[in-house]
Each structure stands twice: as C-alpha cells, then as structure tokens.
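What follows is one structure encoded as structure tokens, with my remarks underneath.
Derivation of every value follows stated rules applied to the coordinates shown; laboratory data play no part. Because the structure is a prediction, the values reported are computed rather than measured. Counting neighbours? That spans all protein chains shown, and the Cβs are built from the backbone with ideal geometry, glycine included.
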Amino acid sequence: MAGQPTPSQKKYQELANSKEPPRGIVRNSIIAFVVGGLICTLGEVLRKLFIAWGFTEKTAGDPTVAVLILLSCILTGCGVYDKFAQWAGAGTAVPVTGFANSICSAAMEHRSEGLVYGVGGNMFKVAGAVIVFGTVAAFFIGILHGLFHMGG
Amino acid sequence: MLQGKQSWFFESPPVIQGYASVVGPEEGKGPLAGDFDRIHDDMRLGQKSWELAERQFLEQAVNKAIEKAGADKSQITFYVGGDLMNQITSTSFAARTVGIPYLGVFGACSTAMESVAVAAQLVSSGAAKQAIAATCSHNSTAEKQFRYPTEYGSQKPPTAQYTVTGGGAAVIGSSGKGPRVVRATIGKIVDMGIKDPFNMGAAMAPAAVDTIVQHLQDFALAPSYYDMIVTGDLAQIGHSIARDLLAERQIAIDQTVFADCGLLIFDREKQQVQAGGSGCGCCATVTFGHLLNRMSRGKLKRILVIATGALLSPLSYQQGESIPCVAHAVAFEAEGGSQ
C-alpha cells in the first residue's frame, strides 16, 4: 500500500502508537554508557599491559583490538553475547566487540550453507553496511582534510 | 456448507481423532509445559542446520498425532500444512518423509488454522476420509530469515515477539471420539498501514478483529456462546489493541474469556520474550496441546481459535511496504458440545 495512509489507517496508527510501551531511553542510555565505558576501560588495561610487555604507544593498539575481537567472538560462539546485548544495547554494539559479533554471528549462522556461499558470502551481511559507509565517510573527510592543509 | 458471507458450517462435524505438539526448551520452561507431548532441551536436535531441526519438530508432531489417533499412515488421504520458511520447505520436506498426498498452504502464522479449516472441509465434504493438518515454526530459522543472525547482539524493542519453536498436528476424520471442528471463517486481508516488523501484534490485531466480528455475524452468535475466544499470536500489544477494537465495534468480548496463544505459552515476567510468542508453531502447539487437552478434560466445551498471520517478506518491509495481515477462525466443540 504505497501513498498516503487513509484516515482510518491514520486513526489506527495513532491507537497502535499509544499502546507501544516506552523504550526506557534514560535507562538504556545509562546502561550503554556504563557497559561501553567498561569495555573501553578493559581495552585500556590491555593496552597498558601490552606496553609493559614491550610494545610501544603506537604498536600496542593492534594486539589490544585483536584480544577484544577474540573475546567477543568466543562469547558469541558460546551463545552469551546476544543475551548480554539485549540488556546492554548500544553498550555492546558500538565498540569493536559489536563489530566482531556481527561478523562472527553471521558466519556461524550461515555455516550450514557451506564455506564459500554460506560463510564467505554472508559474513559481512550485517557489517558490510558499516564498512561501506565508513569508507565513504572516510573518503570525504580525507578530501576535506587535504583541502584544509592545502589552504593552510 | 457456506454460511453467511465467508464462513463454513460443518453439518456432520469432522472429528479431531488425534493431536500432538512437540516444542523446544523455551516453551518447555513456560506455563503450558505439562500440555506438550514432547519437550526438547536442544533447539538443534543434533541436526546440521536450524532448518533440518524445524523439520524434525514437525515430523515428530505429525507422527505422534497419527499414533495418538490410532490411525494407519497409509489410510490417511491428505496432508495439509505450511510454515514460515521461503517456499514452505519445512512442510514440503516433511511431507516427503511422511509420504501422504500433500497440499501446501501459506498464510504465515494463520496457516495453523487455515490448514485445519481446509482439512476439515475436505473431510466434511467427503473429499477425504482422513486428513492431517500440521504446522511448525522455529525461533532460529525465523530469526535467520526475517531478522538477524541468531547470535547477533541487537537489542529487541519491547514490541518484538519471540517465535515459538515447535510443531503441532491434528488428524481429522469423519467419525470417532474427540473434539469436533464445527465452524470456520476464512479471513480477508486487512492492512492498516503498520510497517514495523518488530510490532507484528499491532499489525495483525485489526485482521483478527475483522474475522471475529464476521464469524459472529455469519453465525448470529454472541461472544458468550464460546467458553473461550483465543487469538493466535497477537501478544501483549496486539491483544490489548484487539480488545479496544472489539469494544469499539460493540462486541461484548468481556462476556467470554478472551486470550492469546502468544501470551499463554510464555511467562513474560520470567522469560525474555518481549511482548510474547509468535509463529505458526505458537497457535498450533497451544491449540493441539493446551486448549484441546482442556477440552478433553471437560474444562472447555466450545472454543474459537483465530490464527493471525502477518504476510510480509524480508524484501517487502525493506522496500517500505506496510504489512498485510490475515486471520482465520476455527470453532472446536467437545463431543455433545453443541447440544
């Protein structure tokens, strides 16, 4: 049904909206802030550890991210991550762990369709959009950056 | 026989000779656990894929129903059923195993009662001696096809529903002991322009109300004629909307027990199912478990079950289409219930 909703549809949609329970934005934001913050704190602890083990300020980032990705994938594989995420919301979705979970869960889900078409073809089903728009955004920011430097 | 605008009255009412329901772990933790024939602890049933597991739930329900009816598989004329998978593969592949001449039907979750209505009509008209009506759904196959990978960590809104894992089946014959299929009303598509696939209850409620009102009108019945009027999977939000809409149409729904399978099957306080249950398996397992059990125990004499279906596809909602919905009603009565 394309086009404008009819008056009776509009009236019904108002009724349906009034029945929708509130989403608890304040509660969700606080949990997301705390959980997201804790994941990042864990990352910072890991980074400090890697520096103590002989990495430099610049190179310690790589193994830190690798450990967080590994943890996220293990929790996804054990079937824990999605249950935690239902409670934590954006807190688990935004950091690198959420990105790893989206790739790992899609790969697991489509393992039954084989390694090539299943895992290979569907791994980036959810993460693909993030990569595409992330790259496009980076491209434009890069151009702005270049122009700014040329001017200055 | 056609009665009123869009209903069937079965003069010699077909009999549910046997029925069965087989469910997964989450349903087994719910309040209706005692009513299911079999509860599995493992959603995968040791299979290689979720799709194979869903088929297993259905096959087990079909075999159990045949066994409970004391029927001979080779004597059953037709198998009528459907499910939520693309090209209703769960049902078609199960029908391959069962080996009974097969009619696939699709009405999303309304298939649960659509298949009963069709099978009853076949038996009542003499086109079949015995027919099976069976449907199933699986939480993980539905998540995979309609939403995100099962292990993906996205937060579901409170309006979302949890697809029931399970299969329900009934063997319908022309004579014998058991609840009778007395009436059926075939619903029309109702679309009130809801587009949110995470709010199916609100999308389906108007279709359920339309079919209930039409059923009562076609048979000139009051809601109080039934001990219970049960919708398929409107869940909390849809159920509350349906109550309001029925009141608006001046249907005295308070004179009877108005319930919903999606609310009966889970304990929403203790289980993480958001608004409640959904799926073909929701209406099928609750009807071919809890409801008909209560009828067999003499607790219920007459019930009206309205299975509700949201006829969307993953493509249709991504293309911004609203969700067309349909609801089919079937009235069951205990032996001697109509006298």
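Here are a few things to note about the model shown:
- Taking the numbered list (1) touching a residue at least 12 places away in the same chain (Cβ under 8 Å); (2) over 27 Å from B:Leu122 (Cα atoms); (3) in contact with an Asp or Glu (Cβ under 9 Å, 6 or more places away or on another chain) in turn, B:Asp233 passes all entries but (2).
- Of residues in region A:12-39 being closer than 13 Å to B:Ile241 by Cβ and exposed (fewer than 12 other Cβ atoms within 10 Å of the Cβ), the one farthest from the other protein chains (Cβ to nearest Cβ): A:Glu14
- Residue within region B:120-132 that is surrounded by fewer than 22 Cβ atoms within 10 Å (Cβ to Cβ), more than 14 Å from chain A (Cβ to nearest Cβ) and hydrophobic (A, V, I, L, M, F, W, C) present: yes
- Residues (farther than 22 Å from A:Ile25 by Cβ, under 12 Å from the mean Cα position of the chain (by Cα) and more than 8 Å from every other protein chain (Cβ to nearest Cβ)) located in region A:78-131: A:Val96, A:Thr97, A:Phe99, A:Ala100, A:Ile103, A:Ala127, A:Gly128, A:Ala129, A:Val130, A:Ile131
- Any chance A:Leu42 is of a type in the set (A, V, I, L, M), farther than 16 Å from B:Gly153 by Cα and either within 12 Å of chain B (Cβ to nearest Cβ) or crowded, with 16+ Cβ neighbours inside 10 Å (or both): yes
- For B:Leu221, the criteria (1) surrounded by 22 or more Cβ atoms within 10 Å (Cβ to Cβ); (2) aliphatic (A, V, I, L, M); (3) more than 14 Å from chain A (Cβ to nearest Cβ); (4) over 17 Å from the mean Cα position of the chain (by Cα) hold in every case but one, which is (1).
- Flag if B:Ser49 is surrounded by fewer than 22 Cβ atoms within 10 Å (Cβ to Cβ), touching a residue at least 24 places away in the same chain (Cβ under 8 Å) and among the polar types (S, T, N, Q): no
- Only one of the numbered conditions (1) more than 13 Å from chain A (Cβ to nearest Cβ); (2) among the aliphatic types (A, V, I, L, M); (3) not in a loop (DSSP other than H, G, I, E, B) is not met by B:Ala207, and that is (1).
- For region B:119-148, the set of residues classified as part of a helix (DSSP H, G or I), more than 17 Å from B:Thr285 (Cα to Cα) and among the hydrophobic types (A, V, I, L, M, F, W, C) consists of B:Ala119, B:Ala120, B:Leu122, B:Val123, B:Phe146, listed by residue number.
- Output for region B:95-118, where each listed residue is over 14 Å from the mean Cα position of the chain (by Cα), in a helix (DSSP H, G or I) and hydrophobic (A, V, I, L, M, F, W, C): B:Ala95, B:Val98
- Qualifying residue in region A:118-132 (condition: in a helix (DSSP H, G or I) and among the aromatic types (Phe, Trp, Tyr)): no
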